[in-house]
Amino acid sequence: MQTLRKKIWKLYRDNIQRPYFRRKVYTDSGEEKYILKKYYDTHKLKHLIVTLTYHCQLHCEMCGQVETPVDAPNSQKNWTQIPLDVIKNRIDELQYPLKSAYLFGGEPLIYKDIFKLSEFLTMKNIDFTYSTNGLLLKKYTNDILDNPPKMISVSMDGCTSDLHDSIRGLKGAWQKAIDGINSILDEKKKRNLKYPLLKIHFTIIPDNYTTMREFYEFYINKFPMIDEIKFHVPRFNDLKMGYEYFNTMRDKFDTYCLSYQGNFSEDTFVKDCKNKIDVKALYNDITWLLEQKKVSYLGPTDYDELHKFFKEPSYYPKNRRCECYKSCAIQPNGDVCACGDYPDLKFGNIQNDKIDNMWQSEIASKWRKYLKDEGNPGVLAKCSRLFDTIKSSNF
Ligand SMILES: C[S@@+](CC[C@H](N)C(=O)[O-])C[C@H]1O[C@@H](n2cnc3c(N)ncnc32)[C@H](O)[C@@H]1O
Ligand code: SF4
Ligand code: SF4
């Protein structure tokens, strides 16, 4: 009986109305009293992705932002940047303090106010991190270290300039990133700082997957002070999953999605992931890496799952849970979206509304309910972030 009542209450609460409810609280003198509180969706916003800009100096071959159509929300042609004051005010007025933020791009170090934003987040005690292609690390070392993030992730795709530069599409990109890492490590030591931790981030793609052991040996010796070396399976999808995503989002959420188009096709990157990767060799290297110092890995560890991941681009494990339950993403034009990597579903815009209102909006609740009941639609189901990051045995 009790369970049935609970079920009916939950149905009413989640689907019909968000009523007020009585909550017991204690006054300063320790007396019990009841207050009326409006029921909110129980999923509190804990983490915010702030995509500062999609502008980037590079055109990496695997990056989903490079190939998206110009009018996709995550196209690198999208240069709109959010005014800093708007972001600060919206974070300030949040009902529950944020735990963490991830500053995303494009290249986040191109956003002109990133250091003022870093100062603000530090002052608010919000842990923040960012990922960078490393080109501007040397130039901005002092600004970065004045209000350091918890961690900086530097994307390196190879241990030689030839390989890295060819993947990143710019000659000299590797040397600049190496100089940048050195500069941050030296200055951090001089200032005797605990943060930022420094991570080197390797995206596994057909052009570099055979170099993973060499990559590890090179960077662990070159930067003994490095905190983490991470290997990450790529986001890539075939047409089937792209269409599934497009159709679901159109039918259920009246949204026409374009963001996924950079990571799905039947040729080039997707075809190479499917055809060129020797999964057995990759599996052996991942197994070896997971025994080394300071290694982390994001992707399938089971051989069969790894095999399916690359050889059947439509394969995805249904039971994995998306980060959407605790985070949302602000876009360079102020749109607040469900997902940072596929920013198609909008809850509103920070120029017009509070983040809390958007997070608790009907559309956001409907989205969370959909994920809970149906799982991630189409391309979102294969998102590499759905895997848990695994740390090596002697991390
Ligand atoms: C989109 S970038 C943005 C930050 C910055 N520009 C950088 O390169 O680090 C974030 C991370 O995604 C990685 N990445 C690029 N394409 C990817 C893909 N198809 N799948 C998974 N990660 C990818 C990049 O190497 C980088 O580490
Ligand atoms: S540097 Fe980062 S954002 Fe720019 S193209 Fe490469 S992966 Fe994408
Ligand atoms: S689909 Fe992936 S990137 Fe998007 S919110 Fe979910 S876990 Fe995050």
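Since every read-out is calculated from the coordinates, none of them should be taken as a lab result. If you're wondering where the values come from, they're calculated on a predicted model, not measured in any experiment. FYI the Cβ positions are ideal-geometry reconstructions off the backbone, even for glycines, and counts take in every protein chain you see.
Please compute, over every Cα-Cα pair in the stretch 242-296, the percentage with a separation greater than 16 angstrom. For the stretch 242-296, the share of Cα pairs beyond 16 Å comes to 64 percent.
Divide the volume of the convex hull around the Cα atoms of the stretch 161-215 by the residue count and you get 91 Å³ per residue. Taking the inverse of the mean 1/r over every pair of distinct Cα atoms in the chain gives a Kirkwood hydrodynamic radius of 22.5 Å.
The alpha-carbon of Lys99 sits under 17 angstrom from the alpha-carbons of these aspartates and glutamates, leaving out residues fewer than 8 places away in its chain: Glu119, Asp127, Glu323, Asp356. In the structure shown, the pairs Lys10/Lys354; Lys176/Lys382; Lys176/Lys230; Lys293/Lys382 are assessed against 22 Å; a Cα-Cα span above that value is assigned to Lys10/Lys354; Lys176/Lys382; Lys293/Lys382.
Between 0 and 90 degrees, the angle of helix 173-190 with respect to the longest Cα principal axis of the chain falls at about 70 degrees. Counted over the stretch 90-156, the DSSP beta bridges are approximately 0% antiparallel. Using a Gaussian network model of the chain in which every pair of alpha carbons under 10 angstrom is joined by a spring, one finds that among Tyr26, Tyr195, Tyr130 the greatest mean-square fluctuation is at Tyr26.
The GluC sites (Glu not before Pro) of the stretch 286-344 meeting both criteria, a DSSP state outside H, G, I, E and B (loop) and at most 13 other C-beta atoms within 10 angstrom of the site's C-beta, are Glu291. With contacts taken as Cα pairs under 8 Å and at least 6 residues apart, the chain reaches a relative contact order of 18 percent. Bridges between two residues of the chain, per DSSP, are antiparallel at a rate of about 30%.
For Trp79 and Lys44, a Förster radius of 35 Å and the Cβ-Cβ distance give a FRET efficiency of 0.60, rounded to the nearest 0.05.
Taking only DSSP H segments of four or more residues, each worth -39500 (n - 2.57), what value at 222 nm results for the chain once the sum is divided by all its residues, to the nearest 500 deg cm²/dmol?
Result for the chain, helices only: -10000 deg cm²/dmol.
Using the Cα centre of the stretch 150-277 as the reference point, and only Cβ charges (+1 on K/R, -1 on D/E), how large is the resulting charge dipole? Debye, rounded to the nearest 20.
It works out to roughly 580 debye.
Candidates Tyr130, Ser365, Thr203 compared by Cα position along the dipole of the chain: farthest toward the positive end lies Ser365, with charges placed on Cβ.
If the elastic network links every pair of Cα atoms under 10 Å, which of Glu67, Glu312, Glu93 fluctuates the most in the Gaussian network model of the chain? Result for the chain, Cα springs under 10 Å: Glu93 fluctuates most. Residue farthest toward the positive end of the dipole of the stretch 302-395, with Cβ of Lys/Arg at +1 and Asp/Glu at -1: which of Cys324, Tyr342, Phe395? Of the options given, the answer is Phe395.
Among Thr51, Thr129, Thr80, which one shows the highest mean-square fluctuation when the chain is modelled as a Gaussian network with alpha-carbon springs under 10 Å? The residue with the greatest mean-square fluctuation here is Thr80. The length gained by stretching the chain between Ile390 and Lys276 to full extension, at 0.36 nm per residue less their Cα-Cα distance, is 38.5 nm.
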